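What follows is a single structure, written as structure tokens, with notes after it.
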């Protein structure tokens with residue numbers, strides 16, 4: 001791990017993962033701590049988004065980037081897009097308000113850092129970052145995807161991610177209730193952002209019974225539009241349903257939450273919804289099917305990688321629906337080997353990475 005010069009401060013413990021390169025800098029324009037974590041390039045240049053978020057300490061952003069980069073290796077391996085795994089994080093201090101000029105400076109700083117990786121890491125948007133932000137990053141590096149369609153890019157990947165999650169939900173339902181049809185089945189969707197809102201529309205159109213929430217009260221308008229039940233965010237993990245759909249930030253499934261989670265399955269687009277890896281075992285012990293997040297939310301990287309490569313929309317759509325097939329393979333392996341779906345997904349992904357090496 002390389003840590004570029006940073007103002008002196010104690011560095012809390014960060015994850016000890018087998019990354020190829022991790023670099024944190026203080027942006028020359030913005031003064032913000034920016035990390036790029038490259039976990040693996042065995043399958044191709046690392047592809048993963050940039051997250052702009054507030055952290056208690058800049059090193060928490062570093063740790064987040066490392067965890068997310070490893071997850072991107074697994075996601076891209078199972079998505080079969082010819083890419084490795086990486087992630088970027090722009091860490092904001094607590095309570096920091098980012099104005100337009102400082103935001104632009106931070107994005108330009110990110111571009112410089114990405115450029116320093118020489119093409120081994122390709123960035124795109126993630127939480128807190130948009131396709132229009134990627135156009136700013138593009139001013140400093142060519143190693144960026146997901147620019148606005150009007151600028152010749154592949155555009156925001158939220159819709160593609162939602163399609164992949166919808167395909168995964170069908171496979172989850174097939175396993176827990178015997179039919180992939182969501183009509184009449186109950187879902188709690190926690191988070192109505194770019195992906196969660198689109199997924200809610202897809203499920204509502206298929207006749208699902210939706211209970212939804214978001215930390216932004218303005219999202220209640222979507223609940224009214226879809227005829228969904230609105231609940232407080234704090235009640236999302238205690239509301240009975242067939243499927244709990246985490247669609248916001250990660251870490252929501254802590255041990256105490258899992259102990260009382262009143263659902264048959266968990267399947268959603270949120271990255272790292274398990275607060276601890278042991279949560280996969282705890283869910284299995286309670287008979288709750290857990291669909292690994294990096295399997296079901298791979299639609300975004302499939303859209304970005306294949307669209308940038310010039311594949312037709314029909315080819316991309318077919319690959320998005322095939323995410324359900326990948327999940328089916330993972331669940332079958334888990335059942336055959338007597339392990340959790342997360343362990344089965346990891347084994348399959350790591351085997352692909354090892355074969356590439």
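The values are calculated or read from the model by the stated rules, or taken from the named source; none is laboratory data. It should be emphasised that the depicted structure is a prediction, and the values quoted were computed from it without experimental measurement. Virtual Cβ from ideal backbone geometry, glycine too; neighbours counted across all protein chains shown.
When you check residue 127 against the structure, is it within 16 Å of the chain's Cα centre (by Cα), surrounded by fewer than 21 Cβ atoms within 10 Å (Cβ to Cβ) and touching a residue at least 24 places away in the same chain (Cβ under 8 Å), yes or no? So residue 127 passes the test. Name the single residue that is nearest to residue 75 (Cα to Cα) among those in the range 155-181 being within 19 Å of the chain's Cα centre (by Cα) and outside any helix (DSSP H, G or I). Among those that are within 19 Å of the chain's Cα centre (by Cα) and outside any helix (DSSP H, G or I), it is 157. If we keep just the residues of the range 183-197 that are under 23 Å from the mean Cα position of the chain (by Cα) and assigned to a loop (DSSP other than H, G, I, E, B), which is modelled with the lowest pLDDT? Here the answer is 193. Which numbered condition in (1) touching a helix residue (DSSP H, G or I) at 6+ places or on another chain (Cβ under 8 Å); (2) surrounded by fewer than 21 Cβ atoms within 10 Å (Cβ to Cβ) is the only one that residue 165 fails? Every listed condition holds for residue 165 apart from (2). Of the residues making up the range 133-152, at least one is at positive phi and without any contact (Cβ under 8 Å) to a residue 60 or more places away in the chain. If you check 177, 266, 212, 195 for being touching a residue at least 40 places away in the same chain (Cβ under 8 Å), buried (at least 22 other Cβ atoms within 10 Å of the Cβ) and not assigned by TED's automatic domain parsing to the domain that holds residue 53, only one passes: 195.
Restricting 218, 204, 234, 200 to residues that are assigned to a helix (DSSP H, G or I), more than 20 Å from the chain's Cα centre (by Cα) and surrounded by 18 or more Cβ atoms within 10 Å (Cβ to Cβ) narrows the list to 204. Against the condition out of contact with any strand residue (DSSP E or B) (no Cβ under 6 Å at 6 or more places or on another chain), in contact (Cβ under 8 Å) with a residue 24 or more places away in the chain and either in a helix (DSSP H, G or I) or not assigned by TED's automatic domain parsing to the domain that holds residue 125 (or both), how does residue 339 come out, does it pass? Here the answer is no, as residue 339 does not meet what is asked.
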